[in-house]
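The values are calculated or read from the model by the stated rules, or taken from the named source; none is laboratory data. Everything quoted here is computed from the prediction, not taken from an experiment. Reconstructed Cβ throughout: ideal geometry from the backbone, glycine too, with neighbour counts over all protein chains shown.
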Amino acid sequence: MKWRFIDSGVTDSYLNLATDEAMLEAYNEYNLPPTLRIYSWSKPTLILGRSQKELDINFTECRNEGIDVTRRLTGGEAILFGRNDFGFSVVVSSRHGFPTKLDSFLKVIARALISSFKEIGIRAYSASGFDKRYQWPICLLFDGLGDIYWRSRKLASNAVALKRSTFLSQGLIIKDSSEDLFGLLNFPNLDLKKKVLKEYRKKIIGLDAIREGLTYQDLKEAFFLGFQKAWDIEFSATELTQKELSLAQKLAKEKYKNPLWIGDKRLQ
Amino acid sequence: MYPENLKYTKTHEWVKVEDDVATIGITSYAVEQLIEIIGVYELPEPGSQIEPSGSLGLVESTKASSDVLSPLGGKVLEVNESLEEDPGIINKDPYGEGWLIKIEMKDKSNLDELLSAEEYEEFLKSEEAKK
């Protein structure tokens with residue numbers, strides 16, 4: 001089966017999320033082939049989950065630190081993308097033979113990620129289930145079937161949106177397990193913050209701590225080969241369509257930069 | 001398996017029609033799709049208008065969100081506020097206590113496009129067969 005492989009490279013925060021939504025809309029509207037897109041970020045960006053409470057976020061501190069803040073279409077809690085982190089998104093549905101249910105879909109995603117890590121000599125495995133409830137405002141601390149581990153520590157995670165029965169998966173490969181996120185969130189008290197930070201240090205690992213020196217290009221090649229092998233598909237390296245680009249630019253400006261969507265009340 | 005007194009959409013919403021009022025919810029298949037609903041958000045305000053295929057809310061499970069689309073247009077009469085407190089009601093009783101909104105239908109002609117229980121079940125079988 002032919003898939004699109006799109007390398008967006010270093011991209012503006014708002015445009016990255018807008019591009020994913022544009023791809024999802026275009027897949028449903030114009031009968032496009034399924035897509036794997038990879039990207040990184042031009043600026044560190046804090047991304048809230050679709051329904052996350054804005055009270056979790058210290059907007060003033062984000063601004064002071066020069067961190068972009070926006071909200072994604074997919075579920076879950078906050079995530080901080082650093083400049084070196086590697087992002088990926090997948091758009092597909094049962095129209096192209098993919099599962100219709102979340103658990104089966106995430107197992108399929110996990111298989112491709114494990115296969116991609118194998119390409120760079122890393123033996124990874126996936127989570128065995130889901131956490132049932134969010135307790136803390138940090139996405140990486142919750143386990144989901146699409147999450148990937150190395151020696152009991154989380155290395156990659158993803159969240160999902162479902163629209164008209166089409167899945168959008170937005171994922172992150174952690175390059176450097178920075179703790180900067182903790183300065184950007186509101187915790188009810190210092191003790192809780194310390195407890196969550198301890199859990200974070202125990203649970204999360206960046207790729208740089210496993211194998212130093214891996215570049216964006218290395219990961220791009222690993223994804224290109226790993227996904228094809230895992231799913232028995234053929235990629236065509238291509239660009240977004242003009243309709244997707246136009247919609248992405250419109251969504252970036254009108255939605256993903258909009259304080260009403262993000263929840264930054266002081267700008268509304 | 002699916003209640004015969006309801007109508008269905010291919011995006012897994014159900015509709016119960018009583019005179020000019022349509023009650024709308026999501027099917028047990030939609031619940032299974034997301035494994036377990038843990039949040040219901042963005043339900044419209046009573047009194048507002050919704051359009052056919054417009055969003056009527058959002059349901060979430062762990063790390064996943066799904067837009068719920070309105071099969072019909074009309075004026076929102078009531079939303080199920082108890083779902084904010086206890087979204088798990090949808091998991092237990094999607095066709096009863098887990099309803100989402102009630103609308104006064106603007107145009108009943110959209111009802112003709114909805115599926116019967118039997119047609120919905122056939123549609124699901126065809127979706128499964130694609131895998």
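Using the structure shown, decide if B:Leu6 is away from chain A (no Cβ under 11 Å) and either modelled with pLDDT under 95 or in contact with a Leu (Cβ under 6 Å, 6 or more places away or on another chain) (or both).
Spelling it out, it is not the case that B:Leu6 is away from chain A (no Cβ under 11 Å) and either modelled with pLDDT under 95 or in contact with a Leu (Cβ under 6 Å, 6 or more places away or on another chain) (or both).
Out of the helices (runs of 4 or more DSSP H) lying entirely within segment B:64-131, which hold 3 or more residues that are modelled with pLDDT of 95 or more and surrounded by 13 or more Cβ atoms within 10 Å (Cβ to Cβ)?
Filter on segment B:64-131 gives B:89-92, B:117-129.
Among residues belonging to segment A:104-128 that are touching an Asp or Glu at 6+ places or on another chain (Cβ under 9 Å) and within 11 Å of chain B (Cβ to nearest Cβ), point out the one that is surrounded by the most Cβ atoms within 10 Å (Cβ to Cβ).
For segment A:104-128, the residue satisfying everything is A:Leu106.
Taking the conditions exactly as written (more than 9 Å from chain A (Cβ to nearest Cβ) and either β-branched (Val, Ile, Thr) or in contact with a Cys (Cβ under 6 Å, 6 or more places away or on another chain) (or both)), does B:Thr11 satisfy them or not?
No.
Quickly run through segment B:92-114 and pick out the residues that are of a type outside the set (A, V, I, L, M, F, W, C) and under 13 Å from the mean Cα position of the chain (by Cα).
If the condition is that a residue be of a type outside the set (A, V, I, L, M, F, W, C) and under 13 Å from the mean Cα position of the chain (by Cα), then B:Asp93, B:Pro94, B:Tyr95, B:Gly96, B:Glu97, B:Gly98, B:Lys102 are the ones that fit.
Can you pull out the residues in segment A:70-86 that are away from chain B (no Cβ under 13 Å) and under 24 Å from B:Ser66 (Cβ atoms)?
Passing the criteria: A:Thr70, A:Phe81.
Could you please find all residues in segment A:17-67 being within 30 Å of A:Lys193 (Cα to Cα), within 14 Å of another protein chain (Cβ to nearest Cβ) and charged (D, E, K, R)?
So in segment A:17-67, the residues within 30 Å of A:Lys193 (Cα to Cα) come out as A:17, A:40-67.
With within 14 Å of another protein chain (Cβ to nearest Cβ) added as a condition, the list becomes A:17, A:47-54.
A:Arg50, A:Lys53, A:Glu54, listed by residue number.
Would you confirm, using the coordinates I've provided, whether A:Leu140 is within 11 Å of chain B (Cβ to nearest Cβ), buried (at least 22 other Cβ atoms within 10 Å of the Cβ) and either over 18 Å from A:Ile233 (Cβ atoms) or not small (Gly, Ala, Ser) (or both)?
yes
Given (1) closer than 25 Å to A:Arg164 by Cβ; (2) without any contact (Cβ under 8 Å) to a residue 60 or more places away in the chain, identify the lone condition not met by A:Asn64.
Exception for A:Asn64: condition (1).
Just a yes or no: is a residue in segment A:174-197 modelled with pLDDT of 95 or more and of a type in the set (A, V, I, L, M)?
Scanning segment A:174-197, I find no residue that is modelled with pLDDT of 95 or more and of a type in the set (A, V, I, L, M), so the answer is no.
State all residues of segment A:143-193 that are touching a residue at least 40 places away in the same chain (Cβ under 8 Å), β-branched (Val, Ile, Thr) and within 14 Å of chain B (Cβ to nearest Cβ); if no residue qualifies, say none.
If the condition is that a residue be touching a residue at least 40 places away in the same chain (Cβ under 8 Å), β-branched (Val, Ile, Thr) and within 14 Å of chain B (Cβ to nearest Cβ), then A:Val160, A:Thr166 are the ones that fit.
Any idea which residue in segment B:38-66 is nearest to the other protein chains (Cβ to nearest Cβ), counting only those that are at positive phi and without any contact (Cβ under 8 Å) to a residue 40 or more places away in the chain? Can you show your working first?
Pass one, segment B:38-66, residues at positive phi: B:42, B:47, B:53, B:57, B:63.
Then keep just the ones that are without any contact (Cβ under 8 Å) to a residue 40 or more places away in the chain; that gives B:42, B:47, B:53, B:63.
Values: B:Glu42: 8, B:Gly47: 20, B:Ser53: 9, B:Lys63: 4 Å.
Restricting to residues being at positive phi and without any contact (Cβ under 8 Å) to a residue 40 or more places away in the chain, the top hit is B:Lys63.
Given the conditions (1) more than 19 Å from B:Leu58 (Cβ to Cβ); (2) surrounded by 17 or more Cβ atoms within 10 Å (Cβ to Cβ); (3) of a type outside the set (Phe, Trp, Tyr), and given that A:Arg72 satisfies all but one, which numbered condition is not satisfied?
So the condition that A:Arg72 fails would be (1).
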